[in-house]
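The values are calculated or read from the model by the stated rules, or taken from the named source; none is laboratory data. Keep in mind it's a predicted model, so treat the numbers as computed, not measured. Don't worry about glycine lacking a Cβ; one is built from the backbone with ideal geometry, like all the others, and counts go over all protein chains shown. Side chains included, ligands, DNA and RNA excluded: accessible areas come from the protein's heavy atoms. Shrake-Rupley method; radii C 1.70, N 1.55, O 1.52, S 1.80 Å.
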Amino acid sequence: MNKIKEEIHKIYSEVVAWRRYFHMNPELSGEEKTTSQKIEELLSLLPLEVKTGVGGYGVVGLLRGKKEGKTIALRADIDALPIKEQNDHSYASKYSGKMHACGHDGHTAILLGAAYVLCALKDKIQGNIKFIFQPSEEKAPIGGAGPMIEAGVLDHPKVDAIVGLHIWPNLPKGKIGIKENAIMASSDPFCIEIFGQSGHASAPDESIDALAVACQVVNMLQNIVSRNTSPLESAVLTVGTLKSGTKYNVISDYALLEGTVRTLHPNVQMNVEKRIKEVVEGVCSAMGARGEVYYERGYPALINDKDIVKLIEEVGIKLISKENVVQIEKPAMGGEDFANYVQKVPGAFFWLGAKEESFYPIHHPKFDFDEEIMKIGIEIFVHTVLDFLGKEKKK
Ligand code: NI
């Protein structure tokens, strides 16, 4: 353990420098060219097999331990957001309208730090470690995990378990949050087109008012969560846009609605999707209009594996004490494409506390975090990997 702390201590100032480099040079989802080059550059200094261009700008480093064994993956997302930063610290974004406002700069630096520390322990490692640097996490519903999985990131060697983290400003600094089962929600976008018939505003009886139909649809959709979902299950259905009409005295023949559905269980997700289609069809037919529903499956719910959760908990208790390992009671209803990996292999995602007296939420133009928490992230990653591979030295 001391050896690990020492290695983290040695690399820490570089981890901070990397984080600041990424923070100053944010790149949006699908555009992470220089970010991935920088990651490649840093990984290439290590005894790793490095692959680039994995499912886009994904970078993967493979550490083969001294002896054969299992394979565990650690994953960081690397993309930034189209937000104009309002911080004025020395490492603020150099590009107006682009910002690491979701902590992915920190995730990337933490994973690089873990790679450096684990490479220093290479001779003691039995098995393999994959370091997955994933682009496009913010590019729902496609995301970056799906394309990396399709490109084979979980194969050759086959990954037996995967672990990821998110810097979390709603959880106090110095703590981690973990939860069995669903920790983040599925996130599906949908859009609805309603086709009516245009006419003069003064003669509604001679037309079919798509705008009026759309209003009824919006109202009826509210019943899906309140009337068709068990009160013991979670679901969110939000209509975010309604576009219709061209002029005040013309009956609109077309309406477009866009929204999103968040759920924690596939059955609930399936039911909400089915009910949206039934509601649209029923309301439209009652009002003489025609409706089309385009429902897209986005990120699935992020379901944490019980055993990997237990492993992280034990590591957390050992490193930062029991009171700092928080059992999360309520999952977040946001989406996270780490969910795609844990549909394929057992894995777990935990929250790295970042909350201070004054703080801003993720995706806020003033979001920032105390870089010291990156040490906890690295330490938990490193110990979880070593414990999983079963070769950690007794302390
Ligand atoms: Ni994020």
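Looking at the structure I just gave you, is residue 36 surrounded by fewer than 20 Cβ atoms within 10 Å (Cβ to Cβ) and away from the ligand (no atom under 16 Å from the Cβ)? Working first, answer last.
Numbers: surrounded by fewer than 20 Cβ atoms within 10 Å (Cβ to Cβ): no; away from the ligand (no atom under 16 Å from the Cβ): yes.
Here the answer is no, as residue 36 does not meet what is asked.
State yes or no: is residue 154 part of a helix (DSSP H, G or I), more than 15 Å from the ligand (Cβ to nearest atom) and surrounded by 19 or more Cβ atoms within 10 Å (Cβ to Cβ)? It would help to see each step written out before you state the result.
Working: part of a helix (DSSP H, G or I): no; more than 15 Å from the ligand (Cβ to nearest atom): yes; surrounded by 19 or more Cβ atoms within 10 Å (Cβ to Cβ): yes.
Against the criterion (part of a helix (DSSP H, G or I), more than 15 Å from the ligand (Cβ to nearest atom) and surrounded by 19 or more Cβ atoms within 10 Å (Cβ to Cβ)), residue 154 does not qualify.
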Exercise for the section: Output the qualifying pairs, or none if there are none: Cβ atoms under 7 angstrom, residues six or more apart or on different chains, first residue in the stretch 215-235 and touching a residue at least 40 places away in the same chain (Cβ under 8 Å) and surrounded by fewer than 18 Cβ atoms within 10 Å (Cβ to Cβ), second residue outside any helix (DSSP H, G or I) and β-branched (Val, Ile, Thr). Expected result: none
Practice task
Output the residues belonging to the stretch 157-170 that are open to solvent by 10 Å² or more (accessible area, probe 1.4 Å) and either within 16 Å of the ligand (Cβ to nearest atom) or charged (D, E, K, R) (or both).
Solution key: 158, 160, 168, 170
Practice task
Inspect all residues belonging to the stretch 137-147 and state whether any of them is in contact (Cβ under 8 Å) with a residue 60 or more places away in the chain, within 25 Å of residue 387 (Cα to Cα) and open to solvent by 10 Å² or more (accessible area, probe 1.4 Å).
Solution key: no
Exercise for the section: Scan the stretch 126-148 for residues that are more than 16 Å from the ligand (Cβ to nearest atom) and either outside the structural domain of residue 41 (by TED's automatic domain parsing) or in contact with a Lys or Arg (Cβ under 6 Å, 6 or more places away or on another chain) (or both) and report the count. Expected result: 3
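Would you check which residues across the stretch 313-346 are over 30 Å from residue 261 (Cα atoms) and among the aliphatic types (A, V, I, L, M) and list them? Step through it out loud before you land on a result.
So in the stretch 313-346, the residues over 30 Å from residue 261 (Cα atoms) come out as 313-325.
Residues satisfying the conditions are 315, 317, 319, 320, 325.
Against the definition (without any contact (Cβ under 8 Å) to a residue 12 or more places away in the chain and within 27 Å of residue 351 (Cβ to Cβ)), how does residue 100 come out, yes or no? Spell out the reasoning first.
On the way: without any contact (Cβ under 8 Å) to a residue 12 or more places away in the chain: no; within 27 Å of residue 351 (Cβ to Cβ): yes.
When the stated conditions are applied, residue 100 does not pass them.
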Handout entry: Scan of the stretch 42-60 for residues that are open to solvent by 20 Å² or more (accessible area, probe 1.4 Å) and within 23 Å of residue 152 (Cβ to Cβ), ordered by number
Key = 44, 46, 47, 48, 49, 50, 51, 52, 53, 55, 56, 57
Practice task
Looking for whichever is surrounded by fewer than 17 Cβ atoms within 10 Å (Cβ to Cβ), over 29 Å from residue 108 (Cα atoms) and either at pLDDT 95 or above or touching a Cys at 6+ places or on another chain (Cβ under 8 Å) (or both) here; the options are 271, 249. Which one fits?
Solution key: 249
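Looking at residue 49, is it more than 20 Å from residue 348 (Cβ to Cβ), charged (D, E, K, R) and free of Cβ contacts under 8 Å to residues at least 40 places away in the same chain?
Details: more than 20 Å from residue 348 (Cβ to Cβ): yes; charged (D, E, K, R): yes; free of Cβ contacts under 8 Å to residues at least 40 places away in the same chain: yes.
Against the criterion (more than 20 Å from residue 348 (Cβ to Cβ), charged (D, E, K, R) and free of Cβ contacts under 8 Å to residues at least 40 places away in the same chain), residue 49 qualifies.
Filter the stretch 103-125 down to the residues that are open to solvent by 10 Å² or more (accessible area, probe 1.4 Å) and under 22 Å from residue 18 (Cβ atoms), then identify the one that is nearest to the ligand (Cβ to nearest atom). Step through it out loud before you land on a result.
We begin by selecting, within the stretch 103-125, every residue open to solvent by 10 Å² or more (accessible area, probe 1.4 Å); these are 116, 119-124.
When the remaining residues are screened for being under 22 Å from residue 18 (Cβ atoms), the result is 116, 119-122.
Details: 116: 23, 119: 26, 120: 28, 121: 29, 122: 30 Å.
Among those that are open to solvent by 10 Å² or more (accessible area, probe 1.4 Å) and under 22 Å from residue 18 (Cβ atoms), it is 116.
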Handout entry: Given (1) of a type outside the set (Asp, Glu); (2) under 21 Å from residue 349 (Cβ atoms); (3) within 16 Å of the ligand (Cβ to nearest atom), index of the condition residue 83 fails
Key = (2)
